[in-house]
Each structure stands twice: as C-alpha cells, then as structure tokens.
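Some notes on the structure that comes next.
The values are calculated or read from the model by the stated rules, or taken from the named source; none is laboratory data. Just so we're clear, the structure is a prediction, and the values are computed from it rather than from any experiment. When we count neighbours, we look across all protein chains shown, and the Cβ atoms used for this are built from the backbone with ideal geometry, even at glycine.
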Amino acid sequence: KDSRVDDTSAGRLDGKMREKTLTMDTLNPQVKAVEYAVRGPIVLKAGEIERYLEEGGTKPFSEVIKANIGDAHAMGQQPITFLRQVVALCTFPELMDSPSFPEDAKWRARRILQGCGGHSLGSYSASPGVECIRKDIAAYIEQRDEGVPSDWENIYLTTGASDGIMTILRLLVSGKDSSRTGVMIPIPQYPLYSAAISEMDAVQVNYYLDEDNCWALDINELHRAYQAAKQHCQPRVICIINPGNPTGQVQSKKCIEEVLHFAYEENLFVMSDEVYQDNVYAPDCQFHSFKKVLYEMGPEYFSSVELVSFHSTSKGYTGECGFRGGYMEVINMDPEVKAQLVKLLSVRLCPPLAGQAAMDVIVNPPQPEEHTFKQFHQEKSSVLGALAEKAKLTEQILNAVPGIKCNPVQGAMYAFPRIFIPPKAVEEAKALGMQPDMLYCLRLLEETGICVVPGSGFGQKDRTYHFRMTILPSIEKLNVLLGKVRDFHISFLKEYSGLE
Amino acid sequence: MSQHTKRSVCARNRTVFLSFFTSNTPLCPTASSTRTASALPLRGKVLTVDTMNANVKKVDYAVRGPIVQRAVQIEKELKEGVKKPFEEVIKANIGDAHAMGQRPITFFRQVIALCTYPQLLDDNKFPEDAKNRARRILQSCGGNSIGAYTTSQGIDCVRHDVASYIQRRDGGIPSDPDNIYLTTGASDGIVTILKLLTAGEGRTRTGVMISIPQYPLYSASIAELGAVQINYYLNEEKCWSLDISELQRSLHAAREHCNPRVLCIINPGNPTGQVQSRQCIEDVIRFAAKENLFLMADEVYQDNVYAEGCEFHSFKKVLFEMGPEYSSKVELASFHSTSKCYMGECGFRGGYMEVINMDPEVKAQLTKLVSVRLCPPAPGQALMDLVVNSPQPGEPSYQTFMKERTAVLSALAEKAKLTEEILNTVPGISCNPVQGAMYSFPRITLPERAINEAKAKGQAPDMFYCMKLLEESGICLVPGSGFGQREGTYHFRMTILPPTDKLKIMLNKLKEFHQKFTQQYS
C-alpha cells in the first residue's frame, strides 16, 4: 500500500483528512534505526526527574548525579586558564591591551588571528582548517611520535572528533548486499559508531574485546569476526578506540601492531579513535599512537596501510566539549579520494573557529621556558592526577561489591563494570520489553538519582550485563555515588534473589 | 574490476614492475607507493574513487569549488613573487563578511569573551549589560562553563530567547522554545531535516523541490542523500520572483519519477537576492498545503533587506496569519544563522531552526538524531543568544550597538545599489536589483565563439569566463553553473562584501574585462 499516494490525494481533495507529510511511516528508515544510548532513554528519564525535583517534587534523593556522559566541566572540572585566555583574546582582540593577559597567550592569539580572514574568528576558515593550526598540529604529532614525520596537509580540523569519524565513514560506505561496506567495531563500543553505521546503512561487524583480559584486543577474535562477516558483506574498515570507551583499556604496543598487521593482510582501512590519548592512569600502561607503531613496523606498512587518527578538545585534561574542537590525520589516503574528502568538507564550510583555536592551544601549550608554564602545568597535573585517583577509587570500591566486577580503569574517563543481575530480574526486564541492564539502571536512577548508561547501549557479550559510569564527579561526590551504587546493588540482589 | 582482480593483474605485472622498482613509479594504477623487491604482494588501496561512496562523488559545491582552488593557488604564487597583471586576488566568491573587512559587533564579542574567560566579569572595562548576558548564559551551562556539552537541542535559556525573538519579530505569534533547535550554522539544520525526509526507492524516492538558481548546499545534500532534485525556476525577468505556475509545472513533471515531499525556498534569496512579496509567500504556503509538501524556509538573510518597497516576511508569520486551516497543518522548518545579516559571524557556526507542526514522534526522532553529535558549539549558541537578545534602548551598550549595526547594514545597502548600477552600465551584463542578501547574480551574454571554446575544453561557458577573469584580473567569482540557471543563460555570483572602494575597483575591472572578453571572442 503506497500510503503516500493516499496522503496526497486526500490532501488534494479537501484538506480535512490530511495526514502529515513527515510521519514515522515516511521517515527515513535509517534514521529510525539510529540509537545513541549516551543521551538515550535513561538520560531523558533523568532529565524528567531533575525537572520534577526543581518543581518541588520529592524523591529519595535531593539531586540527580549525571554520570552518563564524558563531560568534565559539567561535573565541576575547571578549564585550563591559559587556553581560555588565548581563546578570549582571539574573540575580543581589544584584550591585547590588557595587562592581565600574559604575553605567551597574546602571541599565540595574534598568530591564530593572522591566520584568519580579516584577522577575525568570525570568518570562515579554509575547509580543512586554519593553516597555521594545521601546521601546529603536525608539529605536535611529530613531537609526540618522537620524530615520525607528519605532513600538515594531512591534517583536517573537525567539529569534535565525531564529525571527522562520520565524514570518513561516509567516504567508505558503498556497495550493495554482499558487497556492502562492513565496519569492524569493538564490542563494547562508543555508540557514535553503531549510530553512524545505522544511519549510513553500512554493516556493523562486531569484534569482542576480552573482558577477562582487561578488555584487550584479541587478534583471533578479529580473524573470527572478519571471516564471519565476509559471508554477507565486504569488510573495509576497522575502528579501534584507544584508550577505550567505555572500557578504559589502554592497548599494548604489541596489540596495536597485531591490529595493523591484520589490517594490512586483510586490506582494511584503519580508523583509530585516540581522543583519550592524554588520559592514561595505570602506571604500567602507555599510550602508543597507531601512526607511530605503524611507522615502527617499517616502510612496507607505513607506506601502505590507510589510517586515519582522531583527536578532540573534549577529553584529555582540557575537557572542552562545548567548543566542538577536533582534528584527524589522514595517512596513505588515495590522492583522488583526498580531493573528494576536501570537497565533502567544503559543503559545511569549516569547523568552528573557537574550537580550532582551542585545539591550537592543546598542541601548542606553554613550554617550560615560558612564564605561563608553571600555572599551566599545575592545572594540567591537578586534573590528570584527580582523574587517576578517581579511576583507582572507582575500581576499588566497585570491586568490593558482591556481584560487581570492575576491570582496572587504565585510561579514558569511564568504568564499565560487569554486574550480576539475578535471573528473576532478567525475566522481569524481558516481560517489560527492556534490556535487563536498562531495568537495573532505571531502578538505580529512581532510587538513588544516579544516572549511568546500561551496557546494552554499548554492546556486550550475550547474557552479560554492565553499565558505564564516568569517573568525572568530584572525589567527594564520587565517593557518595559509589557508596549508593554499592547499597543499591546489594539491595537489588536481595530483592531479586528469590528470598521472600 | 574487483579488488581481487586488480591485485592479480598487479601481480602479473610484478616481474615488469620489479625492474622499475628503484624508479618509484607504480605501474599498477591502484598501487599506493614504492615497493621493495622483498616479494610482498602489491597492494591496492582499500579506499579509491571506485570503492568510495558513489553519492559523495556526485556532490558539488561551487562556492568552494575549482575556481576558488585556483584562486588560492594564485594567491600563493603572488606571495612567492610570481608576476601577475594584478597585485591581489579579490575573493568575491563567498558570503564571508569579516574576511572582507567587516568588523564584528563589539557587544557580541564582549559577551562571548566574558563567557569564555569569566574572570573578565571583574574587569570594569566591560559594560554591565554584557556581563548580565554572559552570567545568564553561563548559568544555563553545565558547571557554568561553555566548555560543557549543552543539551542536544541547545542551551535552554538561548532557546527561550530565540522563541521570544521570533514572537516579537512576528508581531506576537507565539513561538514554543521546544520547537527551537540550535544548530551548527544553518547548514547543519538544513541537512538534518533533509535526512529525516529522505526515504523511499525508485519512483517513491523523496523529491526535493529547490529554486533554480539555488545555494548549492541543497543540491550537494540532495546528491549525497540520494534524494531526487526537483528544480523550479525563478523568474529572471521579474526580479527572480517565484511563479506558482512554475511550481505546479515542476511538481507535476516530478511526480512521474519520484515522490515530491519537500519544498525549499530561500528568502531573501541566494544567489539571487530577491525578497519575496508577502503575496508570493502566501501562494507558496497554499501550494505546499495543497500538495502536502514539507516547507523548508531558509531565512538566514532576514536582516539583509535593502530595496525600497521590499520587506522580510517570515514564513511562520504569514502561515499563522493565513488562519488555522493552514497554521495547524503545514509542516514548516525555518532556518537562521549567525553568519549573515549584520553580524557576519561565520566562524562561530551558530544557527537555529524552528519546527512547526512536526509529528511528535518524528520530533523525538529528530532529537535522537541530533543527540548523536552531542551539541552545536556553545560559543555559537551564545552568539545566537545575543543576536536574538541584543542591547535594548536604555541599556549601556545600546547606542554603540545600533551605530555599528546601522553602519554595516547601510554599507551593504549602498554596495547593493552600487553593484547593480555599475553592472548595468556594461553592455552584455544585466543585473537584477539586489533587493537583499549579499550577492549579485548578473546575467552575462557570452559570444558564440567563447561558448564553443569552453565546450571544446569540457568547461561550462561561465566557468570558462570566470577562470579568464580570475587569471587576468585576480577577481574570484563563482560561475552561475554552480548555482543552476536556465539552459543557454550564463551568470556569475559575486558578493557585495568588499569595502566600497575595493568594490568599485572590482566592478570597474569587471566592466573592462567583460568588454575585452566580448571583443576578443566576437
């Protein structure tokens, strides 16, 4: 039945029985398929409860603690003073005359503005971003990777890392039916990937991280996933998040090598999401950039594996989510495709200039010989130190709860503990038509005001349950939160254990 | 050719290739780079123009297309000391006011600076009204910081302010903040709505009606989404006005091969600059209602109205003044931006859309879709707040604000008139009045020989013209073919943004060039 023809003819007849043009039936089915748990149903519910509390309603708690999203400032983390000084100077250059701004900040601001049309942050930049910022990023990458060369023309500024990730996926998605692009993603994953795959109608190819091994990547599992996927799609790309989200694992260098070798063998385009590269806490872990490892594997790999790496202003120690800053470095991309990429970016003109400026400060921070270094270093260490502390605290407290098992939070900003959900609760959830961990999280929210995201929103092995919480609330609040989670979990177990 | 076949072809070539390996020239067209003789298999790239998303290949965006790339190259050559018949490239291709020397509104930058670095709230050089607005915005941000993600729909108080603004602008017609979505520039909102609307297959594939000439974001998005572009021609003889009969014609023709579901209109127009009459807007609404079309009204130039007798009428206002029969039914999305008008804050990527009569379930889907990208940039949201909540009479910043605003808009009006006048003195150029927006889109007569030479080169004749103009005078414009035009007609789009003196120089150079070109090819 072509309801659209009926709509139109009804519309043409008398205007009385007209249905809307845009309904759930006529909506883009790919949009319908999109899910994004991080701001999904549980967060909507949390918002409702917040409004209820605001209007004077009573709950067993006085505030909602939003531990669902990697938004550091929202949880009280302070911005890096120097970064805000530079961006303020760029925004209102009259401040260049103010003695309360350090010279280090002023020269950076001047440099950025010189790279802007009409010396204004209000001009569109070139679509790949302001040239001097791209150059600064390349220099930063070279320094970070101990000399591995970085070409500024391979750097593209983006509107947050999400923008870059989606753009690259858009390029890659092609083919039909069994030749449709398959995108390999870790399970658990950050649901931007699954959402993008749904929207673009690509094929999601899951490879499971090894929970028993600190969420490490298992090369055998990659092989398994790839072989299985080849039956029904054309796997073309592998996405890795390192440090991981939601899992927080920091992959070993060997692991990264294995992935790159796998990509080389199976002709896969590699997307490495490295937005948490500055968030490494475990003393026995280290961030290894995919690019550097690729280089160290020798010219055959380094000159052929197609790799795009992503970074962002939203995480790290700056937590500047609202600026929507990010970049991607594109390695070994076919030059004709690169031209297509530039063309695609040009339609949206350019990423926000304030975000580009923020990114410039991140890759060009105060140096030891500069006056502003002391305060900058202090602030940075304080933020990262607090995160490391909270990562450990979270792991410890959760592991002391019977029925909760939490892998070490090696990096990133989240804990993704495994929770035991009694069979009776699983049944109740199914009867309600919801995932068991969603039931759990909703109950947690209603009883304690704590908002976390059910593991089903990220993916997990069948019949395992998890939730993702951030480690971002202040230490005091985090302690309270973890205590409440513990109490809730114990009482939840009791309630559903079958003991009447 | 499948990737597998390519690789075996390459493997067969390997013995020949190996003898060349030291010269670094790959023989296999898909080989990526140098090979060692260590017998590793030749690799084709995963991502080539053959394996990439076919829809992306169809995308074109002339505003930053080949002619602009050439202009940038020429700028580099000038910097390196290469001699040209001109000293600088004048980029009149893009609606970027600040790049052409327009100044930002002081008050806006003060508030954003205060939001960015709240320590400035203690600085007595900042006026109190700026501080109040900054405090209000920050209070509505997570952790009182513009570094926090905002809600996906946008900062609450900003959406409220946008709704109040719309209500005031539209003579009291209510606007619900819940229908307001802040966006990353208007482009973001436009693409999002088109995404929602694109469905069906083959004959039921969504058709999108768009004016010709149009702003090529629309054609680019339609191409990428794989929707069907339905052209309706604006009437050049009548100042680029909209003809309902033309809408009818185009719709009925389109129904043969697709499912027309949306009608896009840009008012004031880009590239054409026309400001549609109220009657015209009513007719369009009636047409959309009758034909069950979702209306998308791109109103980013709503403050850029220059011509006497022209006035901006918002689609929303007209819709509601037409009574409940229309106002309760017609699905409408209106778009605005911080990039144009008197602000010219392109780099902030600020914008909003107001959605009217959207199905509530679809609205939930819209909210879900925008949540995946988290939120639009907070500084851009803050800026939009100031646009809709600008200094009021009695406030300390009011006078300066009005002075600056008036200066920008009157300069634009002057340049609009100047451009029309000068271009109309050129034989072979005919320029409709620039009633609004930021561009002129004059019709150019090209000699037959030039047209033939262009075609022989595989170039659109107006691209050929614009390229020559660029090479000979350093002026960068965008050929009309980048926006669409009636078959056999040629145009270019130039902005009216350069400062008045530069604009005069530019227009005179254009005049000279056109006369020379006409002579050369007759």
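Within the group A:Arg468, A:Arg486, which residue is more than 21 Å from A:Lys45 (Cα to Cα) and either part of a helix (DSSP H, G or I) or of a type in the set (Lys, Arg) (or both)? Step through it out loud before you land on a result.
On the way: A:Arg468 fails: more than 21 Å from A:Lys45 (Cα to Cα).
Answer to the check: A:Arg486.
Is it true that some residue in the range A:374-381 is surrounded by fewer than 21 Cβ atoms within 10 Å (Cβ to Cβ), more than 14 Å from chain B (Cβ to nearest Cβ) and within 21 Å of A:Thr470 (Cβ to Cβ)?
yes
Can you pull out the residues in the range A:86-110 that are without any contact (Cβ under 8 Å) to a residue 24 or more places away in the chain and farther than 17 Å from B:Phe348 by Cβ?
Scanning the range A:86-110 gives A:Glu94, A:Leu95, A:Met96, A:Asp97, A:Ser98, A:Pro99, A:Ser100, A:Phe101, A:Lys106, A:Trp107, A:Arg110.
Of the numbered conditions (1) under 26 Å from A:Ser174 (Cα atoms); (2) more than 14 Å from every other protein chain (Cβ to nearest Cβ); (3) within 19 Å of the chain's Cα centre (by Cα); (4) not small (Gly, Ala, Ser), A:Cys239 fails exactly one; give the number of that condition.
Single failed check for A:Cys239: (2).
Consider B:Ile155 carefully, then state whether it is touching a residue at least 40 places away in the same chain (Cβ under 8 Å), crowded, with 24+ Cβ neighbours inside 10 Å and under 24 Å from B:Gly65 (Cα atoms). Talk me through it step by step, then tell me what you get.
Values: touching a residue at least 40 places away in the same chain (Cβ under 8 Å): yes; crowded, with 24+ Cβ neighbours inside 10 Å: yes; under 24 Å from B:Gly65 (Cα atoms): no.
It is false that B:Ile155 is touching a residue at least 40 places away in the same chain (Cβ under 8 Å), crowded, with 24+ Cβ neighbours inside 10 Å and under 24 Å from B:Gly65 (Cα atoms).
Let me confirm something: among B:Phe401, B:Phe441, which residue is buried (at least 20 other Cβ atoms within 10 Å of the Cβ) and over 24 Å from B:Leu234 (Cβ atoms)?
Matching residue, one of B:Phe401, B:Phe441: B:Phe401.
How do the pairs read when you match residues in the range B:453-465 that are acidic (Asp, Glu) with residues anywhere that are part of a loop (DSSP other than H, G, I, E, B), using Cβ under 6 Å and keeping only pairs 6 or more apart or on different chains?
B:Asp462/B:Tyr490
Looking only at residues that are over 24 Å from B:Gln381 (Cβ atoms) and among the basic types (Lys, Arg) in the range B:185-230, which one is nearest to the other protein chains (Cβ to nearest Cβ)?
The extreme case among them is B:Arg203.
Of everything in the range A:111-159, what is without any contact (Cβ under 8 Å) to a residue 24 or more places away in the chain, touching a strand residue (DSSP E or B) at 6+ places or on another chain (Cβ under 9 Å) and within 11 Å of another protein chain (Cβ to nearest Cβ)? Give them in sequence order.
Once the filter is applied, which keeps residues that are without any contact (Cβ under 8 Å) to a residue 24 or more places away in the chain, touching a strand residue (DSSP E or B) at 6+ places or on another chain (Cβ under 9 Å) and within 11 Å of another protein chain (Cβ to nearest Cβ), the range A:111-159 yields only A:Gly117.
Here are some residues: B:Thr425, B:Thr419, B:Thr400. Which one is among the hydroxyl-bearing types (Ser, Thr, Tyr) and within 14 Å of chain A (Cβ to nearest Cβ)? Break it down into steps so the answer makes sense when it comes.
Values: B:Thr425 fails: within 14 Å of chain A (Cβ to nearest Cβ); B:Thr419 fails: within 14 Å of chain A (Cβ to nearest Cβ).
Answer to the selection: B:Thr400.
Consider A:Asn213 against the criteria (1) closer than 29 Å to A:Glu389 by Cα; (2) in contact (Cβ under 8 Å) with a residue 24 or more places away in the chain; (3) of a type outside the set (Asp, Glu): it satisfies all of them except one. Which criterion is unmet?
Here A:Asn213 clears every test but (2).
Yes or no, residue by residue, for (1) away from chain A (no Cβ under 13 Å); (2) at pLDDT 80 or above; (3) over 30 Å from B:Val478 (Cα atoms):
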| position | (1), (2), (3) |
| --- | --- |
| B:Arg12 | yes, no, yes |
| B:Pro26 | no, no, yes |
| B:Arg43 | no, no, yes |
| B:Pro66 | no, yes, no |
| B:Glu77 | yes, yes, no |
| B:His98 | no, yes, no |
| B:Pro104 | no, yes, no |
| B:Phe108 | no, yes, yes |
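Hey, any hits in the range B:380-395 for a residue that's of a type in the set (A, V, I, L, M), touching a residue at least 60 places away in the same chain (Cβ under 8 Å), part of a helix (DSSP H, G or I) and over 30 Å from B:Asp129 (Cα atoms)? Step through it out loud before you land on a result.
Our first condition is that a residue be of a type in the set (A, V, I, L, M); within the range B:380-395, this holds for B:382-384, B:386-388.
After this cut, where a residue has to be touching a residue at least 60 places away in the same chain (Cβ under 8 Å) as well, the list is B:382-384, B:386-388.
Filter again for part of a helix (DSSP H, G or I), leaving B:382-384, B:386-388.
Next, from what is left, pick out any that are over 30 Å from B:Asp129 (Cα atoms): none.
No, the range B:380-395 contains no residue that is of a type in the set (A, V, I, L, M), touching a residue at least 60 places away in the same chain (Cβ under 8 Å), part of a helix (DSSP H, G or I) and over 30 Å from B:Asp129 (Cα atoms).
For the range B:276-352, list the helices (runs of 4 or more DSSP H) that sit wholly inside it and hold at least 3 residues that are in contact with a strand residue (DSSP E or B) (Cβ under 7 Å, 6 or more places away or on another chain) and more than 15 Å from B:Asn179 (Cβ to Cβ); which are they?
Fully inside the range B:276-352 and qualifying: B:278-290.
Look through A:Phe92, A:Phe82 and report the one residue that is more than 8 Å from every other protein chain (Cβ to nearest Cβ), closer than 28 Å to A:Phe373 by Cβ and buried (at least 16 other Cβ atoms within 10 Å of the Cβ).
It is A:Phe82.
For the range A:328-366, how many residues are farther than 20 Å from B:Ile94 by Cα and assigned to a loop (DSSP other than H, G, I, E, B)?
Within the range A:328-366, residues that are farther than 20 Å from B:Ile94 by Cα and assigned to a loop (DSSP other than H, G, I, E, B) number 6.
From the list A:Gln143, A:Gln85, exactly one residue is modelled with pLDDT of 95 or more, among the polar types (S, T, N, Q) and in contact with a Phe, Trp or Tyr (Cβ under 9 Å, 6 or more places away or on another chain). Which is it?
Checking each option against the conditions leaves just A:Gln85.
Those residues that are part of a helix (DSSP H, G or I), β-branched (Val, Ile, Thr) and facing chain A (nearest Cβ under 7 Å), I need them from the range B:50-64; list them, please. First the steps, then the outcome.
Quick first cut of the range B:50-64, residues part of a helix (DSSP H, G or I) only: B:54-58, B:62-64.
Among the residues that remain, those that are also β-branched (Val, Ile, Thr) are: B:56, B:63.
The answer is B:Val56, and nothing else.
Looking at (1) within 29 Å of B:Ala223 (Cβ to Cβ); (2) touching a strand residue (DSSP E or B) at 6+ places or on another chain (Cβ under 7 Å), which one does B:Ile90 not meet, given that it meets all the others?
If we test B:Ile90 against (1) within 29 Å of B:Ala223 (Cβ to Cβ); (2) touching a strand residue (DSSP E or B) at 6+ places or on another chain (Cβ under 7 Å), just (1) comes out false.
Residue by residue through the range A:328-348, note down the ones that are under 23 Å from the mean Cα position of the chain (by Cα) and more than 7 Å from chain B (Cβ to nearest Cβ). First the steps, then the outcome.
Kept after step one, since they are under 23 Å from the mean Cα position of the chain (by Cα), are these residues of the range A:328-348: A:328-331, A:341, A:344-345, A:348.
Answer for the range A:328-348, where residues must be under 23 Å from the mean Cα position of the chain (by Cα) and more than 7 Å from chain B (Cβ to nearest Cβ): A:Met328, A:Glu329, A:Val330, A:Ile331, A:Leu341, A:Leu345.
Filter the range A:288-327 down to the residues that are in contact with a Leu (Cβ under 8 Å, 6 or more places away or on another chain), away from every other protein chain (no Cβ under 12 Å) and part of a strand (DSSP E or B) and list them by number.
Selection gives A:Tyr327 alone.
Taking the range A:349-371 as the search range and keeping residues that are more than 14 Å from every other protein chain (Cβ to nearest Cβ) and of a type outside the set (Asp, Glu), which one is nearest to the chain's Cα centre (by Cα)? Please lay out each step first, then the result.
We begin by selecting, within the range A:349-371, every residue more than 14 Å from every other protein chain (Cβ to nearest Cβ); these are A:363-371.
Within this subset, residues satisfying the condition of being of a type outside the set (Asp, Glu) are A:363-368, A:371.
Working: A:Val363: 19, A:Asn364: 23, A:Pro365: 23, A:Pro366: 26, A:Gln367: 28, A:Pro368: 31, A:His371: 34 Å.
Here the answer is A:Val363.
Determine, yes or no, whether A:Leu121 is more than 25 Å from A:Leu384 (Cα to Cα), over 31 Å from the mean Cα position of the chain (by Cα) and of a type in the set (A, V, I, L, M).
Values: more than 25 Å from A:Leu384 (Cα to Cα): yes; over 31 Å from the mean Cα position of the chain (by Cα): no; of a type in the set (A, V, I, L, M): yes.
When the stated conditions are applied, A:Leu121 does not pass them.
Would you point out the residue of the range A:146-197, among those that are at positive phi and not in a loop (DSSP other than H, G, I, E, B), that is surrounded by the most Cβ atoms within 10 Å (Cβ to Cβ)?
The selected residue is A:Gly160.
Can you tell me which of A:Leu27, A:Leu44 is within 12 Å of another protein chain (Cβ to nearest Cβ), within 25 Å of the chain's Cα centre (by Cα), free of Cβ contacts under 8 Å to residues at least 12 places away in the same chain and surrounded by fewer than 22 Cβ atoms within 10 Å (Cβ to Cβ)? Steps first, please.
Details: A:Leu27 fails: within 25 Å of the chain's Cα centre (by Cα).
Selected residue: A:Leu44, the only one of A:Leu27, A:Leu44 that is within 12 Å of another protein chain (Cβ to nearest Cβ), within 25 Å of the chain's Cα centre (by Cα), free of Cβ contacts under 8 Å to residues at least 12 places away in the same chain and surrounded by fewer than 22 Cβ atoms within 10 Å (Cβ to Cβ).
Find all pairs meeting these conditions: Cβ atoms under 9 angstrom apart; at least six residues apart or on different chains; first residue within the range B:219-245 and closer than 21 Å to B:Gly189 by Cβ; second residue of a type in the set (Asp, Glu) and outside any helix (DSSP H, G or I).
B:Ser219/B:Asp60; B:Ala220/B:Asp60; B:Ala223/B:Asp60
Return the residues of the range B:127-180 that are among the hydroxyl-bearing types (Ser, Thr, Tyr) and more than 14 Å from every other protein chain (Cβ to nearest Cβ); say none if nothing qualifies.
B:Ser164, B:Tyr165, B:Ser175
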